Amino acid sequence: MEGIHRITKLKQVSGLSEQELAELKPVEDRFVFRSNSYYERLINWEDPEDPIRRLIIPDKSELKEWGDLDASDELAYTRAPGLQHKYRDTALLLINGVCSAYCRFCFRKRLFLNDNDEVVRDVTLGMEYIARHREITNVLLTGGDPLVLSTARLKPIIERIRSVSHVKIIRIGTKMPAFEPQRITQDPSLLDLIRTHSVGEKKIYIMAHFTHPSELTSESLECLDALQRAGAITVNQSPMIAGINDRPDVLAELLSRLSFSGVTPYYVFQCRPTLGNKSYAVPVETAFRIFGQAQTLCSGLAKRARFVMSHATGKVEVMSASEGFVYMRYLQAAASSDENRFLIFRSDKDAYWLDDYLKAATGAGGAG
């Protein structure tokens, strides 16, 4: 994109001292780093706690041994090369293994390791699977970031999906409106592609990933407006991350400004216990309290987000936490026996994931 250059080494980051570069080298060696000049300009280097810096610049805490590379056991739901099918109606196609920049808390950081082969360039086998399974009405393009691909490479994939009559919704999971909005505003062919294939009862949904209000720049807002004018439905999903959006006022501002811009707040995720993520995660009950407080500061249209965990067994909504108990339910489940199942656990202020509650319940018989 015009005026944007890639930053693939920490030594290319203008705001880091030689001492910081030396301290962060072991982190860079373990987990890949990538950014760009547009996103780097959003960092206030005079503020060591700047949320954009925290989102994109490595931290020594990532070397702490905590979590798993595949925290939600996505490999268990791989049905064809590059295709996951966990929930009845929705299939995922991993079509790209690169992002414009990398969130430090990414739950798919395993994809960016040299020996990973989950992402495919040829979606033929995945598309054959989708065509055979008429229950699939939604296809999510993900990765990595699909919009890092050129429109010339993206077009045949979308056209092939549109040739399958039972697929109604194409979702594109992307952080490009935040990381590099110029990719969209400076490419009329991408907007034309969306305009062509987001019509009637066959819409394209842009699943945006805005994590902090500072990402909603004039360039990003222009990008969102362009997508909406092209016919895309825009929604947002974001994890709650310590030091970035784990304050009620900050989260409320994010949800509100998204709604002002015509972007539906969809999910706020519990940070997955992925390897290296300990310092980014907020305990479940603390996160739910922050989420609830933020919603009290929002109008009704900004309250539409749900606070959820993408667990190996399904998408679990945290519904309430009071009087020593936590209440959850499955919004979606991998097993039909868990569909809409209601869960009650004793409070655990140190729990970071559903597994923590399940382990305690196994010993105390506390899950319903």
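Applied to the stretch 81-97, the Karplus parametrisation 6.51 cos²θ - 1.76 cosθ + 1.60 on θ = phi - 60° returns per-residue 3J(HN,Hα) values of x, x, 10, 10, 9, 9, 9, 3, 8, 10, 10, 10, 10, 8, 9, 7, x Hz, with x for Gly and Pro. With charges only on Cβ, +1 for K and R and -1 for D and E, what is the dipole size of the stretch 6-63 about its Cα centre, in debye, rounded to 20? Dipole size: approximately 360 debye. Taking 0.36 nm per residue of sequence separation and removing the Cα-Cα distance, the LYS25/THR362 pair yields an extension gain of 117.1 nm.
Considering only alpha-carbon pairs that sit under 8 angstrom and 6 or more positions apart, the relative contact order computed for the stretch 6-63 is 40 percent. Put a plus charge on the Cβ of each Lys and Arg, a minus charge on the Cβ of each Asp and Glu, and nothing anywhere else: the dipole of the stretch 56-155 about its Cα centre is then about 320 debye. Between LEU83, LEU125, LEU92, the GNM of the chain built on Cα springs shorter than 10 angstrom shows LEU125 fluctuating the most. Taking the fewest neighbouring Cβ atoms within 10 Å as the starting point, the ordered list for TYR327, TYR39 is TYR327, TYR39. Extension gain, ILE4 to MET319: 0.36 nm times the residue separation minus the Cα-Cα distance gives 109.2 nm. DSSP assigns beta bridges within the chain; of those with both partners inside it, close to 45 percent run antiparallel. The charge dipole of the chain, taken about its Cα centre with unit charges on the Cβ of Lys, Arg, Asp and Glu (plus for the first two, minus for the last two), comes to roughly 1040 debye.
Anyone know which of SER163, SER150, SER37 comes out most mobile in the 10 Å Cα GNM of the chain? Answer for the Gaussian network model of the chain: SER163.
For GLN332, the amide hydrogen comes within under 5 Å of the amide hydrogens of LYS315, counting only partners 5 or more places away or on other chains and with H modelled in the peptide plane. At what distance in angstrom do the alpha carbon centres of the stretch 258-314 and the stretch 49-95 lie from each other? A separation of 16 Å, based on Cα centres.
Taking only alpha carbon atoms, the stretch 1-151 gives an Rg to Rh ratio of 1.03, where Rh is the Kirkwood radius. Entry note, the chain: the mean residue ellipticity at 222 nm calculated from DSSP H runs of n ≥ 4, each adding -39500 (n - 2.57), is -8500 deg cm²/dmol after division by the residues and rounding to the nearest 500. Each residue of the stretch 268-279 was assigned a 3J(HN,Hα) from its phi angle through the Karplus expression (A = 6.51, B = -1.76, C = 1.60, θ = phi - 60°), giving 10, 8, 5, 4, 6, x, 8, 3, x, 9, 4, 6 Hz with x at Gly and Pro.
On the basis of the beta-carbon distance and an R0 of 30 Å, GLU49 and LEU331 show a calculated FRET efficiency of 0.35. Across all directions, the average flat footprint of the convex hull enclosing the Cα atoms of the stretch 6-63 is 3.6 nm².
If the segment from THR196 to ALA76 were pulled out straight at 0.36 nm per residue, it would be longer than the present Cα-Cα gap by 39.7 nm.
Normalised by the number of residues in the stretch 127-212, the mean separation of alpha-carbon contacts (under 8 Å, six or more apart) gives a relative contact order of 33 percent.
Considering the stretch 294-356, its Cα convex hull presents a mean projected area of 5.1 nm².
Every read-out reported here was derived from the displayed coordinates using simple, explicitly stated rules and does not represent laboratory data. Keep in mind it's a predicted model, so treat the numbers as computed, not measured. Using ideal geometry, Cβ is built from the backbone for each residue, glycine included, and neighbour counts are taken over all protein chains shown.
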